[in-house]
Amino acid sequence: MKQRTKTVLYTLGALAVAGGLAGGATVAFGLYNVSARAGHLPPTYWALHTTYRNAVDLYSGAPETPAPRLDDPALIELGARHVESACAMCHAVPGKTRSATVRGMNPAPPHITDAVGTWSPQELHWIVYEGVKMSGMPQWPSSRGDDVWAVVAYLRAIQEGEVTPERQAEITARAAADAPEGAAWCAGCHVETQAHVPRLDIFDADYIEAALTAYREGRRESGIMQHAASELRPEQLRELAEWFAGREAAPKRSGGADPDRLAAGEELARAGTDDVPACTACHGPGPRDLEGFGGDELEGDFPPLAGQDEAYFITQLRLWRDGVRGGTEVYNLMRVAAQELKEEEIEALAAWYAALDPETGEIAPSVPAPRDRVNPMRLPADH
């Protein structure tokens, strides 16, 4: 019995040594053909794909950031515009094909209509956020996981058959405008998308430029905006900032928010609490008192908020509260100011500021109206 055990152990040891030598020789002498043209053997493809699916199933779980309403048309549109800019080069979009070069990759990125498969929203979130090793699929270019949901919403809409080639062209069309290079591309989100993105016509040029610079340098987190800012040349930032800031602020028309919520938001914004300073002291509406924060020369670091998009505002306050948001030189002031905010206070503040007219600082008429602030003529998405 002892002899048999020794024989088995010696055999296993010899096989391990042989395997190690074979592996070492493969690496040392380049025996494995890494040519994309040669491809993998069928068992290798099976092993890689099976490992991929099982790993996604194991690790996806519940994302740290809860899912919003994935059928929100504005969220779907935001995701569609980001995918067109950042992902379509490999996966294309409905109605378009992948290039011959992309199809020659190994493994070839699947067309987006195939890539969505039957993955759940949580699995899609994990794939987009984490990326996939050995496939060319990059990780999300930010630590923020909440803005991944816009892409997931768009991918889910593709799964449901809601994004036809015609619908794709419609939701990613760009607004035409007599504007600097890149403005129509930026306006696609900041004018055409009806929620989840900030209005830029109420900011001044210094603030917009500082935000774009912070995104480019990684001091402010957002996978969508960090990608967008990296697509712009440094000299474009000021020109675009001045163009957006120079546009006349569109009248804000409230959608008729709950009066009790508006009242709570106004009280908190104007008076603050023992833990939360008054928002209006820095952000208006009305006179602002910045002496305690360095004086009026820092006014551009405290943007006006009257008329700002409600969904965007809620997200930003959560990021400040959770210590994720960066930005201008005084960003730490907002981190301290927001760290004690409760969820209902965030929602009340956002509802009140969103209901204000940016010109008057008063509650706007409760008549919904589209946010059309550029030439309404539309251009094809690939213009």
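The values are calculated or read from the model by the stated rules, or taken from the named source; none is laboratory data. Please read all numbers here as calculations on a predicted model, not as lab measurements. Heads up, the Cβs are rebuilt from the backbone with ideal geometry, glycines too, and the neighbour counts pull from every protein chain shown. These area figures cover heavy atoms from the full protein model, side chains too; ligands, DNA and RNA do not enter into them. Shrake-Rupley method; radii C 1.70, N 1.55, O 1.52, S 1.80 Å.
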Give the residues of the range 211-226 that are open to solvent by 30 Å² or more (accessible area, probe 1.4 Å) and aromatic (F, W, Y), sorted by residue number.
none
For the condition within 30 Å of E343 (Cβ to Cβ) and touching a Leu at 6+ places or on another chain (Cβ under 8 Å), what is the one hit in P68, P73, P63?
P68
Inside the range 227-247, the number of residues satisfying the requirement of being under 13 Å from the mean Cα position of the chain (by Cα) and either of a type in the set (A, V, I, L, M) or crowded, with 18+ Cβ neighbours inside 10 Å (or both) is 2
Within the range 25-42, restricting to residues that are in a helix (DSSP H, G or I) and of a type in the set (A, V, I, L, M), the one that is nearest to A108 (Cα to Cα) is V27
Selection from the range 140-161 of residues of a type outside the set (S, T, N, Q), touching a residue at least 40 places away in the same chain (Cβ under 8 Å) and outside any helix (DSSP H, G or I) yields W140, P141, R144, G145, D146, D147
Tell me which of these A55 doesn't satisfy, since it passes every other one: (1) farther than 30 Å from I171 by Cα; (2) touching a Leu at 6+ places or on another chain (Cβ under 7 Å).
(2)
Of all the residues that make up the range 76-86, how many are touching a Phe, Trp or Tyr at 6+ places or on another chain (Cβ under 9 Å), among the aliphatic types (A, V, I, L, M) and open to solvent by 10 Å² or more (accessible area, probe 1.4 Å)?
2
What is the one condition in (1) among the small types (G, A, S); (2) within 30 Å of H190 (Cα to Cα); (3) assigned to a helix (DSSP H, G or I) that A22 does not satisfy?
(2)
Given A195, A184, A173, which one is under 16 Å from A250 (Cβ atoms), hydrophobic (A, V, I, L, M, F, W, C) and surrounded by fewer than 23 Cβ atoms within 10 Å (Cβ to Cβ)?
A195
Restricting attention to the range 144-163, does a residue exist that is open to solvent by 60 Å² or more (accessible area, probe 1.4 Å) and either under 25 Å from R325 (Cα atoms) or not charged (D, E, K, R) (or both)?
no
Expected single match for touching a Gly at 6+ places or on another chain (Cβ under 7 Å), of a type in the set (A, V, I, L, M, F, W, C) and exposed (fewer than 15 other Cβ atoms within 10 Å of the Cβ) among M105, M89, M134 is M105
Only one of (1) in a helix (DSSP H, G or I); (2) within 26 Å of Y215 (Cβ to Cβ); (3) at pLDDT below 95 does not apply to A80, and that is (3)
Going by the conditions given, is S120 out of contact with any strand residue (DSSP E or B) (no Cβ under 7 Å at 6 or more places or on another chain), open to solvent by 60 Å² or more (accessible area, probe 1.4 Å) and touching a residue at least 24 places away in the same chain (Cβ under 8 Å)?
no
Do you know which residues across the range 197-224 are within 19 Å of P141 (Cα to Cα) and touching a residue at least 60 places away in the same chain (Cβ under 8 Å)?
V197, A211, A214, R219, R220, E221, S222, G223, I224
Determine which member of the set T65, T50, T101 is in a helix (DSSP H, G or I), of a type in the set (S, T, N, Q) and either under 21 Å from the mean Cα position of the chain (by Cα) or over 30 Å from C189 (Cβ atoms) (or both).
T50
Please find, within the range 184-225, the residue that is nearest to the chain's Cα centre (by Cα) out of those that are small (G, A, S) and not in a loop (DSSP other than H, G, I, E, B).
G223
